[in-house]
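Chemist: Following this message is one structure expressed as structure tokens.
None of the figures in this text is laboratory data; all of them are computed from the coordinates on show. Quick caveat, the model's predicted, so the values are computed rather than measured. So basically every Cβ, Gly included, is an ideal-geometry build from the backbone, and we count neighbours across all protein chains shown.
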Amino acid sequence: MLDATLRRIIDPPLDRIGRRLAGAGVPANGVTVAGFAVGLLAIPCLAAGWYGAALVAILVNRLADGLDGAVARHTRLTDFGGYLDIVCDFIFYAGVAFGFALARPENAVPAAFLILSFVGTGTSFLAYAVMAAKRGLSSEARGRKSLYYLGGLTEGTETIAVFVAFCLFPGAFAALAYVFGALCGVTTAARVASARRSFD
């Protein structure tokens with residue numbers, strides 16, 4: 001919901017950093033993989049209850065997620081780059097929920113619910129992108145992307161915000177996970193409705 005607005009604020013500094021990284025020969029896919037690797041470190045950190053360290057790993061991952069596209073725009077946007085980016089994103093999202101499930105037994109069910117909700121948002125997003133590509137549709141509302149980005153109530157900005165809240169208030173994980181998971185369900189339903197209007 002907030003991604004398009006936030007893009008106008010964060011894109012200029014990300015673009016400047018991306019230009020420098022591209023000039024130094026840093027590949028966009030390398031930024032994606034490095035960010036993904038750091039993001040996965042959040043899982044053992046969460047399992048150990050090191051919420052501060054997990055938060056750092058999460059934020060570094062999200063920074064890399066913004067930088068890889070900026071680097072690509074100053075070198076070459078590729079379909080594989082877009083593919084790799086989205087695969088890493090959704091594995092990372094599920095990994096954070098999994099980390100909280102490992103942290104405390106009582107987190108297992110709300111974490112499973114959150115992962116279930118991510119399956120809904122992920123599949124509704126990617127399936128829409130496939131159909132949009134088939135019909136030659138495009139959108140730059142979230143900047144230049146390798147695939148069609150369909151918005152929703154819960155997008156990247158909201159996901160980052162709730163992950164930060166998880167780490168700052170780990171005792172509230174269950175309540176936050178149920179609320180955010182329900183909002184993800186609303187996003188999924190809205191995307192299905194949009195697909196019905198666009199593709200039926």
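Chemist: Counting other C-beta atoms within 10 Å, which of I17, I115, I43 has the fewest, and how do the rest follow?
Modeler: Listed from fewest to most nearby Cβ atoms, that is I17, I115, I43.
Chemist: Now for a different question. Using r as the Cβ-Cβ distance of A48 and A172, and R0 as 22 Å, what FRET efficiency do you calculate, to the nearest 0.05?
Modeler: Using R0 = 22 Å, I get an efficiency of 0.70.
Chemist: Search the structure for amide H atoms under 5 Å from the amide H of T154, placed 1.01 Å from N in the peptide plane, and list their residues when 5 or more places away or on another chain.
Modeler: T187
Chemist: Regarding the chain, what are the three Cα extents along the principal axes, ordered largest first, in Å?
Modeler: If we take the Cα atoms of the chain, the spans are 47, 45, 26 Å.
Chemist: What does the C-alpha gyration tensor say about the overall shape of the stretch 151-195? Classify as rounded when a/c is under 1.5, otherwise prolate if a/b is larger than b/c, or oblate.
Modeler: Oblate shape, in that a/c is at least 1.5 and b/c is the bigger or equal ratio.
Chemist: I would also like to ask the following. Could you let me know the centre-to-centre spacing of the stretch 147-200 and the stretch 3-80, using Cα atoms, in angstrom?
Modeler: Each part reduced to its Cα centre gives a spacing of 20 Å.
Chemist: Moving to a separate point now. Per DSSP helix of 4 or more residues, -39500 (n - 2.57); summed, then divided by the residues of the chain. What does that give at 222 nm, rounded to the nearest 500?
Modeler: -26500 deg cm²/dmol
Chemist: How much of the pair distance distribution for the stretch 7-88 lies past 16 Å, counting alpha-carbon pairs only, in percent?
Modeler: 52
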